[in-house]
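Taking it in order: structure first as C-alpha cells, then the write-up.
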Amino acid sequence: MENPEIARVFHEIADLLEIKGGDLFRVRSYRNAALIIDGLEEPLRSLYGKNGVEGLKHIPGIGESTRSKVVEMLATGYCAYHDELLREIPAGMLDMIKVASLGPRKAAILHKVLGVSSIDGLERAAREGRIRDLPGFGEVSERKILKGIEALRLISGKWKISTALRCGEAFRDYLKAVPGIFEIVLSGSLRRWKEEVGDLDILATCKDPEAVMDRFLTHPEIKDVLAKGKTKSTVALKSGLQVDLRALDKKSFGAALQYFTGSKAHNVAIRDRAKRMGLKVSEYGVFNSATGKRVAGSKEEDVYKAVGLPWIPPELREMKGEIEAALEGRLPEPLLPEEIRGDLHVHTDESDGGSTLDAMAEAAISMGYEYIAVTDHSKAVGIAHGLDEARILAQMAYVDEFNKHLKKKGERFRVLKGSEVDIRGDGTLDHSEKVLGALDCVVAAVHSGFGMKKGEMTARIIKAVQTGLVNILAHPTGRLLGERGPYEVDMEAVMDEAKKHNVALELNSCPERLDLNDIHLRLAKDKGVKIAISTDAHSINHLQNIVYGIHAARRGWIEKKDVINTLPLKGLMRFLKKG
DNA sequence: GCCGTTTTCGGCCCGACTGTTTTCAGTCG
C-alpha cells in the first residue's frame, strides 16, 4: 500500500468511528493523520525503508497508534483495525454520510432503527416515507435526503480550477452591481489555486451585507438554495457546482479572508496557536480571550501578525509545514508572473497546434517574453500529425530564417528550435541522434503505453533521460485531471536520474494536466532537480495558461531559482547545452 | 489518538444555518 491508500484507510477509520459514536477527538486524530499522509512528499514506504520505524517518528500528527498501523499496512497491505470496524459497520454507510444533510449521527439512527445501510436503501426508505417519523427527522429532512442523493449522483464532486475560476469571475461581476459593495474576493481552495476544487467560496464586504445576499440568491444559474441567512448562503448551480457566499462588515475583511481561504487544517492550526497565546481567532477578527478586545481583523497580514507569524501565501496554506517554515523564516519566495521569461513547450500548426509559428512567436513577444521553444510532436504521435525527419529539418531552417528576420527588426526575442519527441515503448527517442543534437531544446514525453507496469515505465523513462539528448521531461506522470490517472512510475528514481543528466522536469500548466503536482514539485526541489514551467500551448490563447503553472509552482514551494525559464536567454542556453 | 514556552494529564477551533425542537443537536465549512 502507498500513501494515498493508507490515507484513505485512516479516513475511513475516522468515518466509521464517527458513525459508531466514538470519541470525536479520536476521530479527528485519524482524520488528521489521513490529511497529513495525503500531503506527504515522500512515500511512507521509502521513509520506512530507509530508517525503519525511526523514519516515521518525525511526522507530525502520526503518533504511536497510527504509526504502528502504517507499518502494518506497509508490511501486510491491510489494517486489522479497519477490517474490524467494517465488520461492525456496513461499508455502504460510508457512502450514506456523503449525502448532504446526512452526517454520522443521523446515518447511525437510520441504520439502527430502519436497518438502512446503503444509498439505495436510503432512497427507498425516504420514498416510502419511513424516515419522517424518526426522532430528529421530519418531512423536510426526508425531502432533503432525496435531493442530496440526486445531487450526489449528478456531480463528480471535483471541478477543474479553470472552470471554477471562470464561474467565480462571472459571479464577481454579477455582485459588483450591489451599491455600497466594498470587496468581492474568490477565496477557498480557488484562492489557494488547488488543481481541483469542490465548490466556490465567495467573500464580500459591504455596507449592507443583506443587499449582497439578496442579489446573490437571484442569480439566474441557481438551481437550489441550500441555505440562506443574513451573512451566509449556499446555493447549487444548474451545472452542479456549489457556491457559498459570506457577506460581512468591512472591519472583518482580513479575518474573514483568512478564515474563508482555508485550508481547514491550516485554520485549525492557526486557531490552536492563537488559543495558546491567549487569543481567539474567528472570521470576525482576532480577540483577546480574557478581555474580548479586538486585536486584529481588517487586514489578513494583521491576523498572521497577531499570532506571531509573517503573512503566508494562500498557495502554501495546506498544513504541510508552512507554519514551522514561517516561524523559522524559511517560507519560499513566491514566484511572480514577470519572472517567467519564456515558454519552452509550445506547438504550432505543423503538428496538432491551431496557430502558426509566426503567430505563436508574436503572441509570446506581446506577453513580454524573451524566447519560446517550438516543440511540435514527432512522427510516432501520428494522430497529432507528428513531424518526421524531413519536416523537422525544414522547420529548423525556417526558425533560423525567422530569427534572422527578428534580429533585423531589432527584436531581442528568439525562437528556439525544439521538439516534443516521443519516448517510445522501449525508451528510445523518436528522432535521430543527429536531429536531437542539433535542436536547442529537446522536450521528451510519453504518449502511449500508459498501462505499463511501474518497473517497465520507470526503466523506459530513465533510458530516455540517460541518452544525454533530452533537456526537459514533459508532463512527467501523464495524468489528465478527471479523465486519466497518472501512470505508474517511480518518480524518485526518475528525478535522481534527471538530476544526474541535467534534465529539467516540466510543470505542465495546462489546467487539465498540472503535471507535476505539488507533492512531486517539493520532492524535485529537495533533490535539486530544475523545473520548466511550460504551457504546452496548442494555440496562442493557451499561452495564458502559464498563470496556472505559476500558482501550481508556488503550491510546490518552487522559487525563481528552481525554474529554468526564469533565466535570461544566455543562462538558459547554457543549461540546455547537451553532453 | 495526539500533544506540550501553562500541561506527560487534560485538554483538543469557531461560528452559521437548519429542522425539529421549546433550548438545541446535527451538519457544514
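The values are calculated or read from the model by the stated rules, or taken from the named source; none is laboratory data. If you're wondering where the values come from, they're calculated on a predicted model, not measured in any experiment. Reconstructed Cβ throughout: ideal geometry from the backbone, glycine too, with neighbour counts over all protein chains shown.
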Open item on the list: From the list A:Gly148, A:Gly121, A:Gly63, A:Gly115, exactly one residue is small (Gly, Ala, Ser) and on the phi > 0 side of the Ramachandran plot. Which is it?
Closed with: A:Gly115
Open item on the list: Just the residues that are surrounded by fewer than 20 Cβ atoms within 10 Å (Cβ to Cβ) and in contact with a Gly (Cβ under 7 Å, 6 or more places away or on another chain), please, taken from region A:302-339.
Closed with: A:Asp302
Open item on the list: For region A:394-407, check the following and say yes or no: at least one residue is over 16 Å from A:Cys441 (Cα atoms) and not in a helix (DSSP H, G or I).
Closed with: no
Task: Extreme residue, nearest to A:Leu186 (Cα to Cα), among residues of region A:250-279 that are over 28 Å from the mean Cα position of the chain (by Cα) and surrounded by fewer than 17 Cβ atoms within 10 Å (Cβ to Cβ) - done: A:Lys250
- [ ] Find the helices (runs of 4 or more DSSP H) located wholly in region A:463-579 whose residues include 2 or more that are without any contact (Cβ under 8 Å) to a residue 60 or more places away in the chain, and list them.
- [x] A:491-500, A:518-527, A:569-576
TODO: Could you grab the pairs with beta carbons closer than 7 Å, sequence gap of 6+ or different chains, first residue in region A:67-85 and of a type outside the set (Val, Ile, Thr), second one within 16 Å of DNA strand B (Cβ to nearest atom) and not in a helix (DSSP H, G or I)?
DONE: A:Lys69/A:Cys79; A:Glu72/A:Cys79; A:Met73/A:Cys79
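One line per residue, one yes/no per condition, for (1) out of contact with any Ser or Thr (no Cβ under 8 Å at 6 or more places or on another chain); (2) modelled with pLDDT of 95 or more; (3) of a type in the set (Lys, Arg); (4) more than 24 Å from A:Phe575 (Cβ to Cβ):
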site: A:Gly410; (1), (2), (3), (4): yes, no, no, yes
site: A:Glu420; (1), (2), (3), (4): no, yes, no, no
site: A:Ala445; (1), (2), (3), (4): yes, yes, no, no
site: A:Ser448; (1), (2), (3), (4): yes, no, no, yes
TODO: Being on the phi > 0 side of the Ramachandran plot and in contact (Cβ under 8 Å) with a residue 24 or more places away in the chain is the filter here, so list the residues in region A:277-294 that pass it.
DONE: A:Gly285
Task: Answer from A:Ala125, A:Ala204, A:Ala91, A:Ala107 - the residue that is of a type outside the set (Ser, Thr, Tyr), in the same structural domain as A:Leu237 (by TED's automatic domain parsing) and either in contact with a Ser or Thr (Cβ under 7 Å, 6 or more places away or on another chain) or modelled with pLDDT of 90 or more (or both) - done: A:Ala204
- [ ] Those residues that are β-branched (Val, Ile, Thr) and either within 12 Å of DNA strand B (Cβ to nearest atom) or closer than 18 Å to A:Ile519 by Cβ (or both), I need them from region A:30-63; list them, please.
- [x] A:Ile36, A:Ile37, A:Ile59, A:Ile62
Task: Residue match in region A:45-59 (condition: closer than 18 Å to A:Arg26 by Cβ, surrounded by fewer than 13 Cβ atoms within 10 Å (Cβ to Cβ), more than 30 Å from the chain's Cα centre (by Cα) and not assigned by TED's automatic domain parsing to the domain that holds A:Ala269) - done: no
- [ ] Taking the residues in region A:320-367 that are acidic (Asp, Glu) and in contact with a Phe, Trp or Tyr (Cβ under 8 Å, 6 or more places away or on another chain) as candidates, determine which candidate is farthest from A:Thr535 (Cα to Cα).
- [x] A:Asp358
- [ ] Select from region A:384-399 the residues that are in contact (Cβ under 8 Å) with a residue 12 or more places away in the chain and farther than 22 Å from A:Ser534 by Cα and list them in ascending order.
- [x] A:Glu389, A:Arg391, A:Leu393, A:Tyr398
- [ ] Output the residues belonging to region A:361-393 that are outside any helix (DSSP H, G or I) and among the polar types (S, T, N, Q).
- [x] A:Thr375, A:Ser378
- [ ] Considering (1) at pLDDT below 95; (2) part of a loop (DSSP other than H, G, I, E, B), say which one A:His431 fails and leave the rest.
- [x] (1)
TODO: Scan region A:1-39 for residues that are buried (at least 18 other Cβ atoms within 10 Å of the Cβ) and more than 16 Å from A:Asp83 (Cα to Cα) and jot them down.
DONE: A:Asn3, A:Val27, A:Ser29, A:Arg31, A:Asn32, A:Ala33, A:Ala34, A:Leu35, A:Ile36, A:Ile37, A:Gly39
Task: Subset of region A:247-272 [within 7 Å of DNA strand B (Cβ to nearest atom) and among the basic types (Lys, Arg)] - done: A:Lys264, A:Arg271
Task: Failed condition for A:Ser162, given (1) under 30 Å from A:Val243 (Cα atoms); (2) part of a helix (DSSP H, G or I); (3) within 14 Å of DNA strand B (Cβ to nearest atom) - done: (3)
TODO: Return yes or no: is A:Ser509 under 21 Å from the mean Cα position of the chain (by Cα), of a type outside the set (A, V, I, L, M) and farther than 24 Å from A:Leu40 by Cα?
DONE: no
Task: Failed condition for A:Gly297, given (1) in contact (Cβ under 8 Å) with a residue 12 or more places away in the chain; (2) among the small types (Gly, Ala, Ser); (3) within 11 Å of DNA strand B (Cβ to nearest atom) - done: (3)
